[in-house]
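Here is the structure we will look at.
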Amino acid sequence: MKNPKGDLIEYCRTMRLRSPKFETRGTGSDHEPLFITDILVDNEVKATGQGTSKRDSERMASELAFESLLAQNGPAPQRENRPNPTSSNPARQKSGGSSESYPIYAEVLVASLNIANSRVDSNRRGPESIDLVRKMTLDLYKGLLEELGTASDSVGSDSSGVTLEELESGRA
């Protein structure tokens, strides 16, 4: 599996299950850490994984949870063929403005914002810094949605109904 966590999230979405919750805890010493991740779907632990990093732990748990859900529910129905989201669609190119609507999933947007904020130099101040964080957040968010294949889906019940175009222009 190339992207077990994303595949698990997509499977749950397709099968209309609740989004999986990742509960990770660290143990061990600083030089030999051990991370243990439980994945809960519908408040039930579906798998537990462990690794020497949080990422490895979540990856292992995701693979196991995905296998468990496949055994329990069977494969997800085939999605209709859609064009490649990164193909020649000019609305998706990074250099231009976005005229395409992207649904807003609060948890994914918050995670993208946190990542972008951590990557911007903490010594930067003012509007330029805010613009850099905003642009980086939107780029990360769009990339995640495209990887998960949700960018062209219609706005779901768990999204806010605000488009990224509105966020980019400051109208939201």
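No value in this document is a laboratory result; all are computed from the given coordinates. Owing to the predicted nature of the structure, the values given are computational and were not obtained by experimental measurement. Positions of Cβ are backbone-derived with ideal geometry, glycine not excepted, and every protein chain shown enters the neighbour counts.
Taking Cα centroids, how far is region 15-35 from region 120-143 in Å? Region 15-35 and region 120-143 have Cα centres spaced 28 Å from each other. Counting beta carbons within 10 Å around each of Thr137, Thr14, Thr27 and listing the fewest first gives the order Thr27, Thr14, Thr137. Residues Asp38, Asp131, Asp139, Asp30, ranked from the fewest to the most other C-beta atoms within 10 Å, line up as Asp30, Asp131, Asp139, Asp38. Computed from backbone phi, the HN-Hα couplings of region 23-35 come to 10, 10, 9, x, 9, x, 7, 5, 8, 9, x, 9, 10 Hz, rounded to whole numbers (Karplus: 6.51 cos²θ - 1.76 cosθ + 1.60, θ = phi - 60°; Gly and Pro given as x). Charged side chains reduced to their Cβ positions (Lys and Arg at +1, Asp and Glu at -1) give region 4-73 a dipole of some 280 debye around its Cα centre.
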